[in-house]
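The values are calculated or read from the model by the stated rules, or taken from the named source; none is laboratory data. All of these numbers come straight from a predicted model, not from anything done at the bench. Counting neighbours? That spans all protein chains shown, and the Cβs are built from the backbone with ideal geometry, glycine included. The area values use the complete protein model at the heavy-atom level, side chains included, leaving out ligands, DNA and RNA. Shrake-Rupley method; radii C 1.70, N 1.55, O 1.52, S 1.80 Å.
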Amino acid sequence: MVPFKKRRIQLHAASSGDGTIKYPQVVIFLLERKMGASRKSFLTQLGRGKGFLVEESFNQSVTHVVSENNSGDEARTWLNSQLSKQSGVEKNSTREEIHVLDISWYTESMRVGCPVDILDRHRLQTQECGTELTEFSVPSYACQRCTPLMGHNSRLTDALSILADSAEFSENEGRSVAFRRAAAVLKFLPQPVTRLKQLHGLPCLGEHSLRVIKEILEEGVSLEVETTKHSKQYTVLKILTGIFGVGVKTADRWFREGIHTLSELRRSGHALNRAQQAGLQHYEDLNLPVTKTEAVIIGQIVKKAVNAVLEGAEITLIGGFRRGKQTGHDVDFLITHPEESREEGLMPKVVSWLESQGYLLYQKTTRNSYLEAKEGPGQPSSNMDRFERCFLIFRLPVDTDEGKVQMERLIGLPTQTENCTQTNMRTPVDGETETKTHPSVDASTQKRIPVLEPTQGSRDQPWRAVRVDLVVSPHSQFAFALLGWTGSKLFERDLRRWAKQEKAMSLSSHALYNSIQRTYLRASSEEEIFAHLGLEYIPPSERNA
């Protein structure tokens, strides 16, 4: 008969991907309480498939207890009860304490394929006797809060974001905004929420949001969220609104007509406008994340185009990338010139240059329609700015043989053939060091330019399609445009709400108007705008509400 310990190890080996236990020093037990049997089974198989040693039942060899939806006190109470059952078993006095960890440690370890370092945020904290759970204090407006890119309650915020999207698909903007404000509050919190009572008295958390949060904390999932996420309408509208140029109303109409896939839309015979045609044609590329590297390279291209038609113009990367994001769904640039009015007529020239080089798949330009009235902005003021803008689908070369040549010419580098010709034309004189340029190295700085890997949507072609927005602002309005186009959307919404409700002012991406004094408040920087509004300055990296 095979000893129990060997039987257990053989069982693990048979269950893992290749039969190899890569990390025998880490023995994991998943606490099923509140996790559920099916989820525990899935996570167990996932861990074993990656070479982790995951026990079916708690025993003396366990080094890491992983819990989901349990507080530190609950997990420790359970652990102590298990240890007391084994009190008759001789224990190794030198054995290290068992780590009691949140599920986030396990999922992060699965993501990278090895046990990650245990940080404070991974440990389930226990409360000292007689003390209460941490209760949070949160300012009412998102523009008063420093919100990082990554919060501690992504499980909750992701669920509320799904409900916000669903409400948006139903054209219920008020409900959508309510869910997004609730998610923004949770994202701001400095610690994970473990009990509903910690949220008592916090702003923007309505009855519906609290009900969803409570269900997730107690049951692990929200039935409403899961039902919504897997509903036919939600999944179809996600696909259809992912087409550039297609809004919620159009997508909903198509859905009601029985169009549920891109293939059905193509066969439907619907007359699509230019934007929708381009969006459908390049759907796969446009729904791939745009990386920071791609954004930087596009910025180099845009800078070259702008400098070719207006010397001294300034180009700034805005949107999510300015807030520190490493990926996004598009790339936004703000263009201005230090001399007022020099930017007028710039956009058509930039677009013409890009088109002449063959780097535009689609473009639509709108003219600047902003007029500053002495009596102040018209009421009700529009949240949309009126700058000269161009919505582009950009043809960005990638790392294929043809794509490399295009990229070299695009950024102004000599191609490999031209390099060879230049090298053969001249021999260094005595005492001079020969400098050889490489196709992917800037000859003036010898700095390597990022090389783009082919994406899933562009494996058979030397380029990929990327959404790009260009915005031209007069220098006198640049600070307001920079603030307005940095985001996030909810942060900007609450900035305007704060200005109106707390300061009797009207804020837009063009100007700030004091309705009581009936005067415009000028600013040359974002810091000045925050000062006018009586707010503490929040840097772009903390505006991720």
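In whole percent, and with a 1.4 Å probe on the protein chains, what portion of the accessible area of the range 192-293 is carbon and sulfur? Intermediate results must be reported in sequence, preceding the final value.
Working: 2820 of 5480 Å².
That fraction is 52 percent.
Given Cβ point charges of +1 (Lys, Arg) and -1 (Asp, Glu) and nothing else, what value in debye, to the nearest 20, does the dipole of the range 255-369 about its Cα centre take?
Dipole size: approximately 260 debye.
Full extension from K85 to Q25: what is 0.36 nm times the residue separation minus their Cα-Cα distance, to one decimal in nm?
Between K85 and Q25, full extension yields an extra 19.2 nm.
Counting heavy atoms of the protein chains only and a 1.4 Å probe, report the per residue accessible area for the range 460-512 as a whole number of Å². Walk me through the numbers before you get to the answer.
Working: 1680 Å² over 53 residues.
With all protein chains present, the range 460-512 gives 32 Å² per residue.
Using Cα pairs under 8 angstrom and six or more residues apart, how large is the relative contact order of the range 460-545, in percent? Present the calculation step by step, with values, prior to reporting the outcome.
Values: 83 pairs, mean separation 24.7, N = 86.
Dividing the mean separation by the residue count of the range 460-545 yields 29 percent.
For V296 and V221 in the same chain, what is the full-extension length gain: residue separation times 0.36 nm, less their Cα-Cα distance, in nm? Intermediate results must be reported in sequence, preceding the final value.
Working: separation 75, 0.36 × 75 = 27.00 nm, distance 3.90 nm.
Additional length available on full extension: 23.1 nm.
State the Kirkwood hydrodynamic radius of the range 274-343 in Å, one decimal place, computed from all pairs of distinct Cα atoms.
Its Kirkwood hydrodynamic radius stands at 13.7 Å.
Cα atoms only, the range 169-244: Rg and Dmax in Å?
Answer for the range 169-244, Rg first and Dmax second: 14.3, 43 Å.
If I compute solvent accessible area with a 1.4 Å probe over the protein chains, what percent of it on the range 24-87 is carbon and sulfur?
54 percent
Round to the nearest 10 and report in Å² the accessible area of Y234, as given by a 1.4 Å probe over the protein chains' heavy atoms.
Counting only protein heavy atoms, the figure is 20 Å².
At what distance in nm do the modelled label points of K304 and K374 sit from each other, each positioned 7 Å from its Cα along Cα→Cβ?
4.9 nm
For each pair in K187/K489; K238/K364; K303/K349; K214/K489, compute the distance between the two Cα atoms and list the pairs where it is over 18 Å.
Too far apart for the 18 Å limit: K238/K364; K214/K489.
Rounded to whole Hz and in sequence order, give me ³J(HN,Hα) for the range 513-527 from the Karplus expression 6.51 cos²θ - 1.76 cosθ + 1.60, θ = phi - 60°, writing x for Gly and Pro.
10, 8, 5, 7, 7, 6, 8, 7, 9, 7, 8, 10, 7, 4, 4
Each label point is 7 Å from the Cα along the Cα-to-Cβ direction; what then is the distance between the points at N514 and L119, in nm?
Roughly 4.4 nm, to one decimal.
Just to confirm the filter: which GluC sites (Glu not before Pro) across the range 338-368 are DSSP coil and have at most 15 other Cβ within 10 angstrom of their Cβ?
Here the GluC sites (Glu not before Pro) that fit, given the DSSP loop and packing criteria, are E339, E340, E344.
Using a 1.4 Å probe, how large is the accessible area of E135, given in Å² and rounded to the nearest 10?
We get 110 Å² for E135.
Evaluate the distance, in nm, between pseudo-label points positioned 7 Å from the Cα of S61 and of E339 along their respective Cα→Cβ axes.
Distance between label points: 7.8 nm.
Fully extended, how many nm does the chain gain between S263 and N172 (0.36 nm per residue separation, minus their Cα-Cα distance)?
Using 0.36 nm per residue and subtracting the Cα-Cα distance, I get 29.9 nm.
More than 19 Å apart: what percent of Cα pairs in the range 112-231 qualify?
Details: 3678 of 7140 pairs.
Percentage above 19 Å: 52.
Mind grabbing the accessible area of F136 for me, 1.4 Å probe, Å², rounded to tens?
Number for this one is 20 Å².
Taking N as the number of residues in the range 221-371, what is its Cα Rg relative to 2.2 N^0.38 Å?
1.30
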